[in-house]
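The values are calculated or read from the model by the stated rules, or taken from the named source; none is laboratory data. Bear in mind that the values here come from a model prediction, so they are computed numbers and not experimental data. Ideal geometry is used to build each Cβ from the backbone, glycine not excepted, and the neighbour counts take in all protein chains shown.
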Amino acid sequence: MAANRTANAVNDALMMLLDSRSASGIVSELSDKYGVTRRQARRWVAKGYETIKADVEESDIDRQKLVSQ
């Protein structure tokens, strides 16, 4: 059950990050929604960032080119 909750929370964090929401706002929302500390919510947001980073690296996108456009 805890693993499922964590997976759901990380997915929520990921979706909010992709919606360009602020990290601090996401932390507050996750903390309230799941009844956890802000520290735990920050860990979930960090995992969301890691997922995005891994996806970008895996897709072989040239960040320099993308940012310069």
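Going through region 23-37 one residue at a time, which ones are of a type in the set (D, E, K, R) and over 21 Å from I52 (Cβ atoms)? Across region 23-37, the qualifying residue is only D32. Considering the chain, the qualifying helices (runs of 4 or more DSSP H), each wholly inside and each with 3 or more residues that are modelled with pLDDT of 95 or more, run over 2-18, 23-34, 38-59. Go through region 22-69 and give me each residue that's closer than 17 Å to A7 by Cα, in contact (Cβ under 8 Å) with a residue 12 or more places away in the chain and of a type in the set (G, A, S). Answer for region 22-69, where residues must be closer than 17 Å to A7 by Cα, in contact (Cβ under 8 Å) with a residue 12 or more places away in the chain and of a type in the set (G, A, S): A41, G48.
Search region 23-54 for residues being hydroxyl-bearing (S, T, Y) and within 10 Å of the chain's Cα centre (by Cα), and hand back the single one that is surrounded by the most Cβ atoms within 10 Å (Cβ to Cβ).
Step one: filter region 23-54 for residues hydroxyl-bearing (S, T, Y), giving 24, 28, 31, 34, 37, 49, 51.
Next cut, within 10 Å of the chain's Cα centre (by Cα) only: 49, 51.
Numbers: Y49: 14, T51: 16.
Applying the filter and picking the extreme gives T51.
Restricting region 1-22 to residues that are aliphatic (A, V, I, L, M) and surrounded by 14 or more Cβ atoms within 10 Å (Cβ to Cβ) leaves a set whose member that is nearest to T51 (Cα to Cα) is L14.
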